[in-house]
Amino acid sequence: MILNRLVAQISDSIPSPEDFFIIDGDTIINSSIQLKEVVVFQPLKFYDYEEAKRYVILRERTYKVYPYAKMASDRLNVLTERLEQIKSKRKRRIYLKRLEDFIYNEFEQELKKLSRSQGRILIKLVHRQTGETTHKLVKDLRNGWRAFIYQTTASLFKLSLKDTYDPETIYEDYLIEDILQRAFSIDRLERQDTSLDYDLDSLYEYWKENKPKFIPEK
């Protein structure tokens, strides 16, 4: 009896295979190396103080408008799923009108406070988050998106709703992506994966070799 209890105790204390990591042939208990993931970013190099200052300004603008772009993606997903369930044209119009009223009441006045530069970044980030340009979203879903996008960004400063987010060819967009990834890593912004397709490591390598010469803003 004592021997059976001893065997049972020993068996209970033996970790299962999933409790181990195998690293280079060495077996390590899982619980002994539970570490938080650390993301290491390549350092950014600036030509001078003015360029560094512009990066900081771009970072603050990105921080301000990213939550709206994320919300736009969330709203689009909900809107799309809901409209797929509504077959009646009349009920679809009613739903879109209610959505427009909700967006107007909750966000219109705050979005009107955006600067032209912030509005331009927002349009780019909407493309990043949804995979669609703001122009196409307004065209396809004009009633439901008019208050959120058309009346609150483009109409303020005649911004181009066709602007796209392209960190592979536009250096500023690459800097925005860098800002977002660093913010995600420290929980400064809530992560929402992009709907676009590009490799961040490749971006770092490309712009390391092809960084444009800094030209001060006039």
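Quick notes
- Residues located in region 176-194, provided they are closer than 20 Å to residue 133 by Cα and out of contact with any helix residue (DSSP H, G or I) (no Cβ under 6 Å at 6 or more places or on another chain): 177, 180, 193
- Condition check for residue 86: over 28 Å from the mean Cα position of the chain (by Cα) and either small (Gly, Ala, Ser) or at pLDDT below 70 (or both): no
- Among the candidates 94, 29, the residue that is touching a strand residue (DSSP E or B) at 6+ places or on another chain (Cβ under 8 Å) and modelled with pLDDT under 80 is uniquely 29.
- For region 187-201, residues that are farther than 15 Å from residue 67 by Cα and at pLDDT 90 or above total 0.
- Residue 206 falls short of the stated requirement of being at pLDDT 80 or above and within 20 Å of the chain's Cα centre (by Cα).
- Residue ID - surrounded by the most Cβ atoms within 10 Å (Cβ to Cβ), chosen from residues in region 128-172 that are under 30 Å from residue 208 (Cβ atoms) and modelled with pLDDT under 85: 133
- Residues in region 172-211 that are part of a loop (DSSP other than H, G, I, E, B) and among the hydrophobic types (A, V, I, L, M, F, W, C): 186, 189, 196.
The values are calculated or read from the model by the stated rules, or taken from the named source; none is laboratory data. All of these numbers come straight from a predicted model, not from anything done at the bench. When we count neighbours, we look across all protein chains shown, and the Cβ atoms used for this are built from the backbone with ideal geometry, even at glycine.
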